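Before any comments, here is the structure.
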Amino acid sequence: MIQVRGLTYQIAGKLILKDLTFQVEKGEMLAILGANGAGKTSLMRCLAGELQGQAGGVYYRKRIIKSYAIAELAKFRAYLHQQNNSSMAFLVEDIVRMGRYQQRSTNAEQEATIIREAMEICAVNHLASRSIQALSGGEQQRVHLARVLAQIWDQREAILLLDEPIANMDMQFQHQSLAIAAALAKAGFTVVAVLHELNLAAQYASRIMLLKAGRKWADGSPCEVLTPTNIYAVFGVNTEVEISRKTLVPQIGAPAISLPLASFNSFL
Amino acid sequence: MRHLTIYIILIIALGIAVIFSLGLGAVQISFQEVLQIFGNKLGIASPLKEELTTDVLLIIRLPRVLLGILVGAALGIAGAAIQGVFRNPLAEPGLMGISAGASLFAVLIIAFEVVYFQSIASLLGYYLLAIAAFIGATVAVFIVYRLSLFQGKSLVATMLLAGIAINAFAGALTGLISYLATEQQLRSITFWSLGSLAGATWTSIYAISPFIMTAVIALPFYGRPLNVYALGESQAVMMGIDTGKLKLRIIIFSTLAVGAAVAFSGVISFVGLLVPHTIRLFGGVDNRYVIPASALAGAFVLTVADLVARILIPPVELPIGVITALIGTPVFLYILMRDKSKMLS
């Protein structure tokens, strides 16, 4: 579904992504993990067609992404941003409905069903007539998730790109949001999500890619990729990894570290 | 439902303002007389005995009221649309350099007409000033827009800063020329820079209506994409909007409308800023409503302001920009204070 061939992206002479090649098939849910500044968001923006690399490119259905019109892409590719502007006090339901901007073929009844279902699964239906500005960060993120889902709700083979979708959410909705994405992937969606929670990625993603300084460090099933060596190489953290005997999912535990105050604060 | 109510209220308010504005002034014309004169024009009523009243209504009052409606609608609708483009309720068409560019060119004409522009002036007559102002507005916006382009995309933040810079520069040049101007020219400059509808004639109505009507008809269609655009530029692209085209078209339509308005009425401040804001306080931020409602409200505000400017201290006519600022600001602040808490719920 998505093919990345030799993608290199740099900005102001600084290399952000270096010669990335991989593909994501429909039915897969790929989690992209990496340290801050590893190039995860740039990669997502390239995957979405917003940024063009200096070399190589991204292909959807074997067609280079540049050849699609903006409106055409919006019909089957949705993108959840890390940050969303809420300087205008739109109502929650209006925001979710905006996701349907390009899907004009659906009739009003269908649209209403889509909006309702997307809001229900993201548990924002009770906030429908509230202003987005009155909501907490996690609630706002759920509203935007509902909007992004509504955009491709009725597309069989859509591409769903999620950039840190659960960063501000509580535990319940972290699980619920990833479960929604996993279910959609099973139904034929192609899902790519940037995540920071290793354990959640291991539980919900079918495949994990580790990004280090714009290069692909590891790519494979959660068991293959999430080893103490790989994790140390990418995040610089010592971890213990156990494969759960019940679920065969790796469980990553990081012991607490202690820093003597005098080593970083010269005042106290 | 709520929006429909607001539209109806605005239309009724505008109608009442128009009736009063047609009737009040140095020559009082009653509502019956107004109806009779219009009826006579349509061939369904006998002509009015007083020919002076008929002339005052048809030649002086009516074009002036129409100019007020057109200019007000232009300022209101362009204000709403430009605030959408900047994703900022504090933006206004003036930020794009429209008023500053128009002022500079107008002041140039006023100050140097006698010396340099006489041959053109005799050809274009009174409209030289309007044409120059329109060109000035367009040139300023073009410069601001060009400065904001980066790799083919217009950066909104850069546009804002470039607008401020061009405003300051044009303002400085205007100030410099004013400093060199004679007493008589200074009066014209001041009058022009505070705005007035006194120049209204049927010819000016014919001249500006195509520009303003194009914008008033076209801009409401951008309400829906502007809503999506409000969530962020990248978000809008992901939802299928060509944001470059969207911005450019809105800027063109707004410049046409405001440029034409400024050309014939001078600089009328505050309407483009306060009208859309007030409209939002009453009915929410949905641009599908804010844009058309701002046109109606702008027309209403300017009609009332012009009426006040004419009848407050007769026979002196106050600059309309002074009235819009004097009345508009306290009203706006009152609404703002009242709704401060509501904005967060």
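Give me the accessible area per residue for chain B, probe 1.4 Å, as a whole number in Å².
Spelled out: the 1.4 Å probe surface of chain B, per residue, equals 46 Å².
Once you've got the GNM for chain B with C-alpha springs shorter than 10 Å, pick whichever of B:34, B:301, B:107 has the biggest mean-square fluctuation.
Its mean-square fluctuation being the largest, the pick is B:34.
For a test of the definition: using alpha carbon positions, the gyration tensor, and the 1.5 limit on a/c, classify the range B:1-114 as rounded, prolate or oblate.
Here the range B:1-114 falls in the oblate category.
Would you calculate the separation in nanometres between label points at residue B:38 and residue B:184, each defined as 7 Å from the Cα along the Cα-to-beta-carbon direction?
About 4.1 nm separates the two model spin labels.
What's the center-to-center distance, using Cα atoms, between the range B:202-270 and the range A:176-209 in Å?
A separation of 43 Å, based on Cα centres.
Computed FRET efficiency, Cβ-Cβ of residue B:203 and residue B:327, R0 41 Å: what is it to the nearest 0.05?
0.85
For chain A, what proportion of DSSP beta bridges, expressed in % and rounded to the nearest 5, is antiparallel? Before the final figure, lay out each step's value.
Values: 24 of 42 bridges.
Percentage antiparallel, nearest 5: 55.
Could you work out the longest stretch of chain A that avoids the chymotrypsin sites (Phe, Trp or Tyr not before Pro) located in DSSP loops with at most 15 other Cβ atoms within 10 Å? Write out the running numbers ahead of the final one.
Numbers: sites that count: A:264, A:267.
By the stated rule (loop sites, at most 15 other Cβ atoms within 10 Å), A:1-263.
Which value, in Å², gives the accessible area per residue of the range A:33-119 when a 1.4 Å probe is used on the protein heavy atoms?
Heavy-atom SASA per residue in the range A:33-119 reads 43 Å².
Just in the range A:59-89: which trypsin sites (Lys or Arg not before Pro) are loop by DSSP and have at most 14 other Cβ atoms within 10 Å?
Values: sites: A:61, A:62, A:63, A:66, A:75, A:77; in loops: A:61, A:62.
Hits after loop and neighbour filter: A:61, A:62.
Work out which residues of the range A:86-110 lose at minimum 40 square angstrom of accessible surface when the other protein chains are put back, relative to the chain isolated, with a 1.4 angstrom probe, and list them by number.
Residues losing area: A:88, A:90, A:98, A:101.
Where the accessible area of the range B:149-296 is counted over protein heavy atoms with a 1.4 Å probe, how much of it, in %, is carbon and sulfur?
Looking at the range B:149-296 in its full context, I get 72 percent from C and S.
Over chain B, with a Gaussian network built from C-alpha contacts below 10 Å, which listed residue (B:208, B:327, B:82) shows the highest mean-square fluctuation?
Result for chain B, Cα springs under 10 Å: B:327 fluctuates most.
For the range B:2-344, just say rounded, prolate or oblate: build the C-alpha gyration tensor, square-root its eigenvalues into a ≥ b ≥ c, call rounded for a/c under 1.5, and beyond that prolate if a/b exceeds b/c, oblate if not.
oblate
Against the 2.2 N^0.38 Å scaling, with N counting residues, where does the protein assembly as shown land? I'd like the Cα-based Rg ratio to two decimal places. Present the calculation step by step, with values, prior to reporting the outcome.
Numbers: Rg = 30.2 Å, N = 613, 2.2 N^0.38 = 25.2 Å.
Compactness ratio reported: 1.20.
Accessible surface of residue A:170 in the full protein assembly, 1.4 angstrom probe, to the nearest 10 Å²?
Accessible surface of residue A:170 is approximately 80 Å².
In terms of Cα to Cα distance under 18 Å, which lysines are near enough to residue A:75, apart from those fewer than 8 places away along the same chain?
Counting by Cα, and skipping residues close in sequence, residue A:75 has these lysines nearby: A:26, A:62, A:66.
Measure off 7 Å from each Cα along the Cα-to-Cβ vector at residue B:28 and residue A:175, then give the distance between these two points in nanometres to one decimal.
8.0 nm
For a Förster distance of 22 Å, can you work out the FRET efficiency between the beta-carbons of residue B:151 and residue A:18, rounded to the nearest 0.05?
Values: r = 22 Å, r/R0 = 0.99.
That pair, residue B:151 with residue A:18, gives E of 0.50.
Over the range A:216-256, with the other protein chains present, what is the accessible area per residue in square angstrom, probe 1.4 angstrom?
Values: 2690 Å² over 41 residues.
Result: 66 Å² per residue.
Would you jot down the residues in the range B:224-240 that end up with at least 10 Å² less accessible area in the complete protein assembly than in the chain alone, with a 1.4 Å probe?
B:224, B:225, B:227, B:228, B:230, B:231, B:234, B:235, B:237, B:238, B:239, B:240
Calculate how many DSSP beta bridges within the protein assembly as shown are antiparallel, expressed in % of all such bridges and rounded to the nearest 5.
In the protein assembly as shown, DSSP labels about 60 percent of beta bridges as antiparallel.
May I ask you to list the lysines whose Cα is less than 20 Å away from that of residue A:212, ignoring any residue fewer than eight positions away on the same chain?
A:14, A:18, A:40
Tell me the total accessible area that B and A bury against each other, 1.4 angstrom probe, in square angstrom rounded to 100.
2400 Å²
The values are calculated or read from the model by the stated rules, or taken from the named source; none is laboratory data. As the structure is a prediction and not an experimental result, all values here were calculated from the model. Here the Cβ is made from the backbone with ideal geometry for all residues, glycine too, and neighbour counts use every protein chain on show. In case anyone asks, the SASA skips ligands and DNA or RNA and just uses the protein heavy atoms, side chains included. Shrake-Rupley method; radii C 1.70, N 1.55, O 1.52, S 1.80 Å.
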